Amino acid sequence: GTSVGTVRNRVARLVDDKIVRISGRVDPHKVGFRAPANIRVTIQPPSLVEQAAAQIAEFPEVSYVALISGEFDLEVDVLCRDQSHLSSLITGRLHQVPGVTKVHTDMVLRVYKLADPDLNLVHPGRVPDAAKG
């Protein structure tokens with residue numbers, strides 16, 4: 001029941017305020033990426049983490065970089081054409097980033113779900129029935 005103009009203005013404001021970012025996500029295997037992978041990286045010394053994350057984020061294959069807790073410092077998702085491309089990314093560029101001391105790679109074999117979570121999960125009283133378990 002809301003006018004198109006009202007919705008358009010609200011979406012534009014959310015985008016301008018950087019609350020919403022509009023992007024397309026593809027199933028990597030369906031568009032030709034035969035070697036998508038999740039890579040966890042250890043950086044030493046810890047003072048190089050921010051610099052390393054910024055440099056890794058510039059790689060065109062990288063779709064996601066996050067600082068994580070646990071055994072590793074960074075989680076990096078990549079989309080590569082094939083195993084040769086993935087191998088050259090890891091050995092030829094990732095290992096050359098200052099501070100990278102350890103890399104653990106898991107290949108993505110199949111994507112079962114590719115979506116953002118239900119935003120109602122942010123509000124404890126508004127959890128969808130399917131999420132209540």
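The values are calculated or read from the model by the stated rules, or taken from the named source; none is laboratory data. Keep in mind that this is a model prediction, so the values were computed, not measured. Counting neighbours? That spans all protein chains shown, and the Cβs are built from the backbone with ideal geometry, glycine included. Only protein heavy atoms, including side chains, enter the accessible area calculation; ligands, DNA and RNA are left aside. Shrake-Rupley method; radii C 1.70, N 1.55, O 1.52, S 1.80 Å.
Side notes on the structure shown:
- Structure remark: mean-square fluctuation, Gaussian network model of the chain, C-alpha springs under 10 Å; the largest value among 56, 22, 90 belongs to 22.
- Looking at the chain, the accessible area is 71 square angstrom per residue; that uses a 1.4 Å probe and ignores ligands, DNA and RNA.
- Calculated FRET efficiency for the pair residue 57/residue 84, C-beta based, R₀ 25 Å, to 0.05: 0.60
- Look at (i) 29, 25, 10; (ii) 33, 19, 17; (iii) 81, 22, 10: the one that is semi-axes √(5λ) of the Cα gyration tensor in Å derived from this structure is (ii).
- The relative contact order of the chain, computed from alpha carbon pairs under 8 Å that lie at least 6 residues apart in sequence, is 28 percent.
- With every protein chain in place, the range 19-68: carbon and sulfur % of accessible area (1.4 Å): 56 percent
- Extension gain, residue 27 to residue 4, is 5.2 nm, computed as 0.36 nm per intervening residue step minus the present C-alpha separation.
- Nearest 10 degrees, 0 to 90: helix 4-16 Cα axis against the chain principal axis: 30 degrees
- Electrostatic bookkeeping for residue 19 treats Lys and Arg as +1 and Asp and Glu as -1; over the other residues with beta carbon under 15 Å from its beta carbon, the sum is +1.
- Mean Cβ count within 10 Å, highest first, over the residues of peptides 112-123, 68-79: 68-79, 112-123
- Placing +1 on the Cβ of every Lys and Arg and -1 on the Cβ of every Asp and Glu, with no other charges, gives the chain a dipole of roughly 460 debye about its Cα centre.
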